[in-house]
Amino acid sequence: MPAVMLAPEAAPLVLQPSDEAPAKARRYLTGRFRELGHADDFVGRLVVTELVTNAYKHVGVGHIVVRIFPDVREALTVIEVWDESRALPVVQGESGDAEGGRGLLLLSELVHDWGVRPLNEEGKIVWARCAR
């Protein structure tokens, strides 16, 4: 059986909820995607920006934790963002008048799939799987 190369497990990124959090998350994602052999990180940067911004704007307390790792079942990369709120994200409908609220709708069109995993302890993980 041939040897399988796995990308090294990286420590998660722990962020304070602030307007600097999305930029820090993008830098972390760029490095992780490079380690995982992605040729392009554009979709990943959009996804992590949306998820971290949502955690920062809608939760605003506690830590935000970002993990990025390969899916062991498929050729996809998983982006996870944990926050301390139990409130689930809501995909807003398309509205020509709205000044915001389209991020999750856009995300759903760009990724393989995404979802929310409520945790027994306080909080939830919002995840998305992107093509490599």
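Just a few scattered comments:
- Taken across segment 76-83, residues that are open to solvent by less than 40 Å² (accessible area, probe 1.4 Å) and within 14 Å of ALA21 (Cβ to Cβ) do occur, with at least one present.
- Yes/no for VAL66 being surrounded by 15 or more Cβ atoms within 10 Å (Cβ to Cβ), of a type outside the set (Lys, Arg), in contact with an Asp or Glu (Cβ under 8 Å, 6 or more places away or on another chain) and under 24 Å from ASP19 (Cα atoms): yes
- Scanning segment 25-37 for residues that are in contact (Cβ under 8 Å) with a residue 12 or more places away in the chain and of a type in the set (D, E, K, R) yields ARG26, ARG32, GLU35.
- Looking only at segment 105-131, and only at residues there that are under 12 Å from VAL43 (Cα atoms) and charged (D, E, K, R), the one that is modelled with the highest pLDDT: ARG129
- On the stretch given as segment 1-26, residues that are in contact with a Leu (Cβ under 7 Å, 6 or more places away or on another chain) and modelled with pLDDT of 95 or more total 3.
Conditions tested, residue by residue: (1) outside any helix (DSSP H, G or I); (2) in contact (Cβ under 8 Å) with a residue 40 or more places away in the chain; (3) in contact with a helix residue (DSSP H, G or I) (Cβ under 7 Å, 6 or more places away or on another chain).
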site	(1), (2), (3)
VAL52	no, no, yes
VAL61	yes, yes, no
ILE68	yes, yes, yes
LEU105	no, no, no
VAL116	yes, no, no
ASN120	yes, no, no
VAL126	yes, yes, yes
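- Complete set of residues in segment 28-50 that are under 19 Å from LEU106 (Cα atoms), part of a loop (DSSP other than H, G, I, E, B) and open to solvent by 60 Å² or more (accessible area, probe 1.4 Å): ASP40
- Hey, ARG102 touching a Pro at 6+ places or on another chain (Cβ under 9 Å), surrounded by 13 or more Cβ atoms within 10 Å (Cβ to Cβ) and either at pLDDT below 90 or basic (Lys, Arg) (or both) or not: no
The values are calculated or read from the model by the stated rules, or taken from the named source; none is laboratory data. Bear in mind that the values here come from a model prediction, so they are computed numbers and not experimental data. Glycine gets a Cβ as well: all are built from the backbone with ideal geometry, and neighbour counts include every protein chain shown. Just so you know, the surface numbers come from the protein's heavy atoms only, side chains and all, with ligands and any DNA or RNA stripped out. Shrake-Rupley method; radii C 1.70, N 1.55, O 1.52, S 1.80 Å.
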